[in-house]
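Visitor: Following this message is one structure expressed as structure tokens.
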Amino acid sequence: MRTWLHGLPLAGVALITLATGLSAHAQDPNAGRALAATCATCHGTDGRSAGGVPPSLAGQNRQILLQAMRDFRDGKRAATIMHQHAKGYTDQQFELMADYFSKLKP
Amino acid sequence: MTLSRREFVQWAAAAGVTTLAGCATTGSGSAGRVVVIGGGFGGGTAAKYIKLWSPDIDVTLVERDSGFISCPLSNLVLAGSTTIKEISRDYGGLSARGINVVRDNAVAVDAAAKSVRLAGGRTLAYDRLIVSPGVDFMYNTIPGLNNGAAQAEVLHAWKAGPQTLALQKQLQAMPDGGVFVLHIPLAPYRCPPGPYERICQVADYFKRAKPKSKIIALDSNPDVVSKAGLFKAVWNGAYKGMIDYRPNSEIADVDVKSKTVKLQFGDVKGDVLNVVPPQRAGEIARQAGVITTNDRWCDVNWQTCESTAVKGIHVLGDATLSASLMPKSASMANQHAKVCAAAVIAMIKGQPLNPEPMLMNTCYSFVDAKNVIHVASVHRYSAKDKTMVAIKGAGGLSDKPNALEGEYAWGWARNIWADSLT
């Protein structure tokens, strides 16, 4: 019961996000794949980095990826370039990218 | 109308149908045939991602060279800070993916018949064609360099490979106290920060090996085209007194014998001349009829990279008419290719297009052997504007040259090579 109560507001937020945040991207079944492909130039195909620098993204925890992108965007995490790239994406795009990479094998 | 087999063969021959062999070899199960011309950052990536995302599409990549040599990082070869071997890759990885890599030169495109003719005599049929030819040099604008012998002496070294090594040799043979003259064409040209990185790399080499030598940079542009503040700070810092940068210095001609670059007002003599000529889309783009603008560049629909001039033909990379704030860079070509690959798959399969494709650009420049500066940008397709627009507030520059980005630049290189070519 306690767990259920805990989960309720979160689920509510998720529903609101889905209902109000539908952009062009959400309607494209390959939206996550296409967005993730923009990362691959530097981070490797499907986020598997050839030499480990910059880091691999494949198989990383969804929440950690999401938080990293938000922190880069908001200037809370030091970076050479990611703070500039992250400002080009919406929160919803971050979620699509985090979904895509977190579901891949490392 | 019913045709006997004999009649059909006669009809097909009369109609110039060249796809029979293609159908036979394609076999059942193929969703369609894509031919990609050019195995650089654009074409390699397009071929790879179509196969990666849709293995049931037959992909043929036509490339005239036996291997790939990276323009990014090739300026470091001039300074002896890396080798051609280090920045070279082969096409084995793409072959292993099931891409048919054909070493040949595409010489003609028949858009009506949907076929590409190769110099070796073969004809390839396609459902969609991707043209990623890079740039050709407009030597016709520099009379003194408009012949092979002159071009072998006054190098461009703007396509990595033999020219890079030849320029390195010229620099090594130059006596200490000599003058290196670099001419930079009017933008747009391949790799906006490239000439300024080259100035840094040659200065780095001179500083170590020939400290009395000088660099004269004749820039056709009114100012440094990319990362201006950062480059100038380095020239006035680590390389102070070595670089004579002259803006608004458009070339009129070259006298090869006297090693003189002729400008509209005055001549500039040097010991080693390095003239980067004005550029246009590679010749096969002209053959395909996709050059639309100033007889140089190919306008495309940025949602799909399909030519605005010829349906069924997509154009990528440096050959395109760039959208606003979009550089002719390796990163961009690699990113164009993914937008194109997704669109080509969707078009072949009758699926909806990505309504808002995105592009991300990263260009690293080495100011010496280790320290690097970047410029970055993010672009999204705007249905309203019908083009790619740079996203305001995103992107930017390094604060100053730093070694950490030197490591990231090598990481970028290894990953983009793998992302484009394996």
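Every number here is computed from the coordinates shown, using simple stated rules; none is lab data. Keep in mind the model is a prediction, meaning the values are calculated, not measured. Ideal geometry is used to build each Cβ from the backbone, glycine not excepted, and the neighbour counts take in all protein chains shown.
Visitor: Using R₀ = 45 Å, calculate the FRET efficiency as 1/(1 + (r/R₀)^6) where r is the Cβ-Cβ separation of B:L404 and B:S324; round to 0.05.
Guide: 0.90
Visitor: Next question. Would you mind calculating the relative contact order of chain B from Cα pairs under 8 angstrom and at least 6 residues apart, reporting the percent as a whole number?
Guide: 18
Visitor: Report the one residue of B:N248, B:P175, B:A217 whose Cα lies farthest in the direction of the positive end of the charge dipole of segment B:147-277 (charges on C-beta: Lys and Arg +1, Asp and Glu -1; origin at the Cα centre).
Guide: B:P175
Visitor: Turning to a different aspect of this structure: When ranked by the protection proxy of mean other Cβ atoms within 10 Å per residue, highest first, what sequence do the peptides B:103-109, B:187-193 form?
Guide: Ranked by mean Cβ neighbours within 10 Å, highest first: B:187-193, B:103-109.
Visitor: Still on this model: With an 8 Å cut-off on Cα pairs and a minimum separation of 6 or more residues, tell me the relative contact order of segment A:26-102 in percent.
Guide: 33
Visitor: For B:D267, B:D204, what's the fewest-to-most ordering of other Cβ within 10 Å of each Cβ?
Guide: Listed from fewest to most nearby Cβ atoms, that is B:D267, B:D204.
Visitor: Of all beta bridges DSSP finds with both residues in chain B, what is the antiparallel percent, to the nearest 5?
Guide: 55
Visitor: What's the average, rounded to a whole number, of partner chain beta-carbon atoms within 10 Å of each residue's beta-carbon in B:406-413?
Guide: Mean partner-chain Cβ count within 10 Å for B:406-413: 4.
Visitor: On full extension of the chain, what length is gained from B:S30 through B:T83, given 0.36 nm per residue of separation minus the C-alpha to C-alpha distance?
Guide: Length gained, B:S30 through B:T83: 14.9 nm.
Visitor: Report, as an integer, the average count of C-beta atoms from other chains found within 10 Å of each Cβ along A:42-51.
Guide: Per-residue shielding by partner chains comes out at 6.
Visitor: Next question, about the same structure. Need one number: nm distance between label points at B:N301 and B:A96, each 7 Å from Cα along Cα→Cβ, rounded to one decimal.
Guide: Computed distance between label sites B:N301 and B:A96 equals 3.7 nm.
Visitor: Exposure proxy check: B:Y205, B:Y49 ranked by fewest other beta carbons within 10 Å?
Guide: Ordered from fewest to most neighbouring Cβ atoms within 10 Å, B:Y205, B:Y49 come out as B:Y205, B:Y49.
Visitor: With a point put 7 Å past each Cα toward its Cβ, work out how far B:M138 is from A:Q63 in nm, to one decimal.
Guide: 5.8
Visitor: Let me ask you something else. If you count, for every residue in B:414-422, the Cβ atoms of partner chains within 10 Å of its Cβ, what is the mean?
Guide: Taking the mean over all residues of the peptide, I get 6.
Visitor: Quick one: Karplus J couplings for segment B:276-281, per residue in order, coefficients 6.51, -1.76, 1.60, θ = phi - 60°, nearest Hz, x for Gly and Pro?
Guide: 8, x, x, 10, 8, 4
Visitor: What FRET efficiency, computed as 1/(1 + (r/R0)^6) with R0 = 22 Å and r the Cβ-Cβ distance, is obtained for B:K169 and B:R208, rounded to the nearest 0.05?
Guide: So the FRET efficiency works out to roughly 0.85.
Visitor: At 7 Å along the Cα-to-beta-carbon direction for both A:L104 and B:N146, put a label point, then send me their distance in nm to one decimal.
Guide: Those two pseudo-labels are separated by 5.0 nm.
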